[in-house]
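K.L.:
Here's a structure for you.
All of the numbers you see were taken from the coordinates with simple rules; none came from a lab. What you see is a predicted model, and the numbers here were worked out from it, not measured in a lab. Backbone-built Cβ (ideal geometry, glycine too); neighbour counts: all protein chains shown.
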Protein chains: 2
Amino acid sequence: MTNSGFNQWMTHIQERTEAALERALPSPDLAPSRLHEAMRYAVLGGGKRVRPLLAHAAGDISAASPERLDRVACAIEMIHAYSLVHDDMPCMDDDTLRRGKPTVHVQFDDATALLVGDALQTLAFQHITEAALSDSAQRQLGMIRQLAIASGSRGMAGGQAIDLASVGTQLSLPELEFMHIHKTGALIRASIGLGVQCGRDLHEDELASLDHVGKVIGLLFQVVDDILDAEADTATLGKTAGKDAANDKPTYVSLLGVTQARALAEEMCQDALDRLAAFGNSAKRLSELTRFIVRRQF
Amino acid sequence: MTNSGFNQWMTHIQERTEAALERALPSPDLAPSRLHEAMRYAVLGGGKRVRPLLAHAAGDISAASPERLDRVACAIEMIHAYSLVHDDMPCMDDDTLRRGKPTVHVQFDDATALLVGDALQTLAFQHITEAALSDSAQRQLGMIRQLAIASGSRGMAGGQAIDLASVGTQLSLPELEFMHIHKTGALIRASIGLGVQCGRDLHEDELASLDHVGKVIGLLFQVVDDILDAEADTATLGKTAGKDAANDKPTYVSLLGVTQARALAEEMCQDALDRLAAFGNSAKRLSELTRFIVRRQF
């Protein structure tokens, strides 16, 4: 498969995700219209849609229907968007730029940003219950539970709390890894886990192997993020660059240096690709996407 | 049934709710411990548990098991607690006292309060998927959806947004009602709706009638809240009294005066009791609870 095939696939998934999010978000014509306008501002028209791409790529492995994958992808992207809105608020990272646009609390106000995040999280759980995602309603309940665990105090929100507590402290590599497994990794891992479950049943060891891949890609993503934050300038990144160093936040780069961090990313990438090889052609997109995540420049 | 029977029942439900919440909330021994400590602070050891009481009382009508009702009650109470934590934050109502204790952002800090609210909402959706709430997994998916709709931008969070936008403006009685149907009413209505669905199937017209009762009790609750806020002092209320008037927020009392607001509450109460009469003895607790909500002094 040529690289242009992968790029086309990626653009296709990004476009259908945008369209699905557009449909899933309440219209600003509905009251309360300012809240709905701000929710749409937070979610639409930007973002790399990494988690939707991962869900769709993982869904290929179990031959899941694109419509089910859209729904899972939207729910996860809503959770991701809510976390960005809240993370950017003055009491957290106090950031003013996101995806090349003013952050929600800058464009609207703090109270609206708070409610936007709250309502986006709720909408994620509403959205994921509104159509069948599996032939088994029982499995769908398990999928919702998995999304909640990945997002909550033992997942993404917990990672955020650990991150806050770590500002200005010296973390060891295992501690940094523990933080990122929760903060970024849990939701990325869930993207793969939920995508796979939209399709046919896989064997337990196949699911375990893909869960490992999800964990690796989650960490990998953060390592690359840290490298990009250290190297890129604000214009390329579409968000404030160099924030981590300025905030004295521990990162893979501050711990390992850029060269070793990049070597770690390559090593993790290979680990994931080795696992995915067992799934043959069905894992082609997920393998390509893994490589893409390591090589990306934004 | 004597009043002491009702008081005993109420204490019993409050105690079992407290115990169920205690079990459902992550231990502070688990990382991130400060977040978990703050989540427990926000939820445990206070609150009237009105929504759990409503869920249990409504569950009597369909002979639902207490264990299922505990689970629904906990999930709803987590949503309620998250909304209080976020509402109290400086960018919203900026309140320092709740249930007789410093609010979460005062006791901890703003960032922790933000994450506590986020993680409590997630935990609610996790909790409601962790055991069977109905003999039908399909119905349980519908219940989760109902909880999400009641909590989101077209429910509680939406009502909060309308409330914010209304500060300093003059609302009509229908506008005030619209706001409260969302802000407080939606979750109270869901407490009754979800409680009932934990048990045997009811007829559609019975469900519709109980939904009307839920809507009425939701509004009723807010009318009484407004009266108490206008009349009570801070010590009795356990939260800052007179805030609404101080913030120039429209209330039933500012629109109708205390006497007419009280008459409206009595009228709504009678409407609910008339509907509940059709359910005979199975609706005894819900009828008593409705009367209690009108007469309460806190």
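K.L.:
Which of the peptides B:218-230, B:107-119 is most tightly packed, and how do the rest follow, judged by the mean count of other Cβ atoms within 10 Å per residue? Before the final figure, lay out each step's value.
P.N.:
Working: B:218-230: 22.1, B:107-119: 23.8.
Per-residue Cβ counts within 10 Å, averaged per peptide and sorted highest first, yield B:107-119, B:218-230.
K.L.:
Additional query: Would you calculate, for the protein assembly as shown, the mean residue ellipticity at 222 nm contributed by helices, counting each DSSP H stretch of 4 or more residues as -39,500 (n - 2.57) and dividing by all residues, to the nearest 500? All intermediate terms of the calculation are to be shown ahead of the outcome.
P.N.:
Values: 32 runs with 416 residues, N = 596.
About -22000 deg cm²/dmol.
K.L.:
In whole Å, what three semi-axes, largest first, describe the equivalent ellipsoid of segment A:3-295 built from its Cα gyration tensor (square root of 5 times each eigenvalue)?
P.N.:
On the way: eigenvalues 144, 131, 59 Å².
So the three semi-axes of segment A:3-295 are 27, 26, 17 Å.
K.L.:
Also, quick follow-up: What trypsin sites (Lys or Arg not before Pro) in segment B:159-226 are in a loop by DSSP, with at most 16 other Cβ atoms within 10 Å of the Cβ? Before the final figure, lay out the partial values.
P.N.:
Values: sites: B:183, B:189, B:200, B:215; in loops: B:200.
Here the sparse-neighbourhood loop sites are B:200.
K.L.:
In whole Å, what are the Cα extents of segment A:172-225 along the three principal axes, biggest one first?
P.N.:
Principal extents (Cα only, largest first): 40, 18, 15 Å.
K.L.:
Here's a follow-up. Among A:81, A:91, A:113, which residue has its Cα furthest toward the positive end of the charge dipole of segment A:32-134, with +1 on Lys/Arg Cβ and -1 on Asp/Glu Cβ?
P.N.:
Going by the charge dipole, the pick is A:81.
K.L.:
Now, a different point. What is the packing order of peptides A:190-196, A:28-34, taking the mean over residues of other C-beta atoms within 10 Å and listing the highest first? It would help to have the intermediate numbers written out before the result.
P.N.:
Numbers: A:190-196: 28.1, A:28-34: 16.0.
Peptide ranking by packing, descending: A:190-196, A:28-34.
K.L.:
If each residue's Cβ is checked for other Cβ atoms within 10 Å, how do A:122, A:17 rank with the fewest at the top? Mind dumping the intermediate values first?
P.N.:
Values: A:122 28, A:17 22.
Going from sparsest to densest Cβ surroundings: A:17, A:122.
K.L.:
Could you give me the radius of gyration and the Dmax of the protein assembly as shown, taking only the C-alpha atoms into account and expressing both in angstrom?
P.N.:
Over the protein assembly as shown's Cα set, Rg and Dmax evaluate to 24.5, 79 Å.
K.L.:
Here's a follow-up. Report, for residue B:94, each distance to the same residue's label point in the other copies, shortest first and in nm; define the point 7 Å along Cα→Cβ.
P.N.:
Between copies, matching label points for residue B:94 lie 1.7 nm apart.
K.L.:
Follow-up. Scale the Cα Rg of segment B:1-90 by the rule-of-thumb value 2.2 N^0.38 Å and send over the ratio, two decimals.
P.N.:
Details: Rg = 14.4 Å, N = 90, 2.2 N^0.38 = 12.2 Å.
That ratio works out to 1.19.
K.L.:
Right, here's the next one. Can you give the average number of partner chain beta-carbon atoms within 10 Å of each beta-carbon in peptide A:125-136, as a whole number?
P.N.:
5
K.L.:
Here is a further query. Which links in A:48/A:215; B:48/B:183; A:183/A:215; B:101/B:284; A:183/A:284; B:101/B:215 stretch past 22 Å when you go from one Cα to the other?
P.N.:
Result: B:101/B:284; A:183/A:284; B:101/B:215 exceed 22 Å.
K.L.:
Need one value for B:34-41: mean number of C-beta atoms belonging to other chains within 10 Å of its residues' C-beta atoms. All intermediate terms of the calculation are to be shown ahead of the outcome.
P.N.:
Details: counts 4, 10, 4, 0, 2, 3, 0, 0.
Shielding by partners across B:34-41 averages 3.
K.L.:
What's the average, rounded to a whole number, of partner chain beta-carbon atoms within 10 Å of each residue's beta-carbon in B:73-86? Numbers along the way, then the final one.
P.N.:
On the way: counts 0, 0, 0, 0, 0, 0, 1, 0, 0, 2, 1, 0, 0, 6.
Average per residue, whole number: 1.
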